[in-house]
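The values are calculated or read from the model by the stated rules, or taken from the named source; none is laboratory data. Treat the numbers as computed from the prediction; the structure is a model and nothing was measured. With ideal geometry, Cβ positions are generated from the backbone for all residues, glycine too; neighbour counts draw on all protein chains shown.
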Amino acid sequence: MLHRLVFACALVALFGAGSSLRCRWMDHKFKQLSDTSLDLLGKMVINATNSTGNQEDAGEEVLFPHHLYRNASQESDENKVAFTVQVLKEVSVLFEEDSSFSSWQQSGLEKFLGVVNTLAERLHSCVPGSLDPNIKQLQMYFKKLLNHILKKHGYSVEAWEIIRKTTKTHLERTQRLLSALISS
């Protein structure tokens, strides 16, 4: 009888551990670092009102991938985290492009990239083996941002402002995507 009880407890514990993602770091630090990244990004606003480019025309070239976020929201907890990790990695790659035409202070950009990279590394440690099925589409989307916004518009102030605003939307969406996984 005792063996059955121990086996049943072990089975419940094993099943419980595998049924939901538990990552202590996410519970304690994700929201804080995510908010910090949004705050730093907000401080990187570029005054592009005096320039001659048209932000709206450039922004219409690459539509925001709402469908990828809808798909990710239907995935397992591990894949939601893997999707977020990929978004953060792609944001980091994008912001490491030539930002010399932006009016951002280098120290602010470096802090932002540091927080984004820390978020990606820590989240990846929560689900090291997971692979989200939307990653290839996400990579293609960010490549379009690079080619159709930044490169096509010569890394202009206007192009960087579009990237900053788009990135803000991505960070907010990833925060919402993971909010249900975080213990209050």
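Is it true that residue 149 is outside any loop (DSSP other than H, G, I, E, B), surrounded by 13 or more Cβ atoms within 10 Å (Cβ to Cβ) and within 15 Å of the chain's Cα centre (by Cα)?
no
Collect the residues in the stretch 96-116 that are buried (at least 16 other Cβ atoms within 10 Å of the Cβ) and under 25 Å from residue 178 (Cβ atoms), keeping them in residue-number order.
Passing the criteria: 109, 111, 112, 113, 115, 116.
Check whether at least one residue in the stretch 75-83 is polar (S, T, N, Q) and either crowded, with 16+ Cβ neighbours inside 10 Å or farther than 23 Å from residue 35 by Cβ (or both), and report yes or no.
Yes, the stretch 75-83 has at least one match.
In this structure, is residue 128 surrounded by fewer than 16 Cβ atoms within 10 Å (Cβ to Cβ), within 20 Å of residue 24 (Cβ to Cβ) and modelled with pLDDT under 95? First the steps, then the outcome.
Values: surrounded by fewer than 16 Cβ atoms within 10 Å (Cβ to Cβ): yes; within 20 Å of residue 24 (Cβ to Cβ): yes; modelled with pLDDT under 95: yes.
It is true that residue 128 is surrounded by fewer than 16 Cβ atoms within 10 Å (Cβ to Cβ), within 20 Å of residue 24 (Cβ to Cβ) and modelled with pLDDT under 95.
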